[in-house]
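See structure below.
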Amino acid sequence: MSAVPVPDPDVTKKSKRIILMGDIPSPVNPPIGCNFNTRCPVATDRCYVEEPPYEELVPGHFVACHYADQNLK
Ligand code: SF4
């Protein structure tokens, strides 16, 4: 989400860009659990065993993350 451009230079100067680390998963042999778990900075044990469902979090916005709803608070 930090890569999403914001059309306000004051906001852009204050924002912190998150640089993803880790290996890009193979699309031929994706990891077990969440496909993003090799690069996610907040992955938990659950992310390595259980694939998150793709669901509509708010009308018109879909996510596949076990913890996406925690960022709405
Ligand atoms: S389910 Fe969410 S928290 Fe877990 S690895 Fe995937 S994106 Fe990260």
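The values are calculated or read from the model by the stated rules, or taken from the named source; none is laboratory data. Quick caveat: nothing in here was measured; it's all calculated off a predicted structure. In case anyone asks, the SASA skips ligands and DNA or RNA and just uses the protein heavy atoms, side chains included. Shrake-Rupley method; radii C 1.70, N 1.55, O 1.52, S 1.80 Å.
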Amide H contacts of Leu57 (H built 1.01 Å from N, under 5 Å, at least 5 apart or other chain):
Phe62, Val63
Would you work out the Kirkwood radius for the chain? I mean one over the mean of 1/r across all pairs of different Cα atoms, in Å.
14.3
Cut-off 10 angstrom, C-alpha nodes, Gaussian network model of the chain. Which of Pro30, Pro59, Pro41 fluctuates the most?
Pro59
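Over the chain, what percent of the accessible surface lies on carbon and sulfur atoms, probe 1.4 Å?
59
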For the stretch 51-62, just list the computed ³J(HN,Hα) in residue order, Karplus coefficients 6.51, -1.76 and 1.60, θ = phi - 60°, integers in Hz, with x standing in for Gly and Pro.
6, x, x, 8, 9, 7, 7, 10, x, x, 10, 10
How much accessible area per residue does the chain have, counting only protein heavy atoms and a probe of 1.4 Å, in square angstrom?
88
